[in-house]
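What follows is a set of notes on a single structure, which appears directly below.
None of the figures in this text is laboratory data; all of them are computed from the coordinates on show. In this text the structure is predicted, and so the values were computed from the model without any measurement. Counting neighbours? That spans all protein chains shown, and the Cβs are built from the backbone with ideal geometry, glycine included.
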Amino acid sequence: MSQCCDQMAYAIGADDLPVSYSPRLREWGIQYRDGVSINMIEYCPWCGKKLPKDLRDEWVERAEKLGLSLWDVEDHPEKFPPEMLDDRWWKEAGL
Ligand SMILES: [Zn+2]
């Protein structure tokens, strides 16, 4: 996984920092204290680079074609093609 800078890469990997990255949706975010919700970020807090656009809409569109939704991925990941569960689907599509 390539990140914009070492600090971002470190923050994502650090369990005690509330920064998350979803390879599947290409989304970066700050976790709320409730431990569930994510507040998405568009710029890296450390180096200031604009992060690539998230692919939530594109992912949902593909899931819907399979008769699935964003919520199915939590409960029934086995229903999805494996490449849709990580960053392979958008890398393969050149997004
Ligand atoms: Zn950065």
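A convex hull fitted to the Cα coordinates of region 1-54 yields 79 cubic angstrom per residue. Cross-link reach is defined here as a Cα-Cα straight distance under 25 Å, omitting same-chain residues fewer than 8 places apart; for Lys53 the lysines meeting it are Lys65, Lys91. Charging the Cβ of each Asp and Glu at -1 and of each Lys and Arg at +1, and nothing else, the dipole of the chain about its Cα centre rounds to 360 debye.
May I ask for the percentage of alpha-carbon pairs in the chain that lie more than 24 Å from each other? Taking all Cα-Cα pairs of the chain, the fraction more than 24 Å apart is 26 percent. Candidates Gly67, Met84, Leu55 compared by Cα position along the dipole of the chain: farthest toward the positive end lies Leu55, with charges placed on Cβ.
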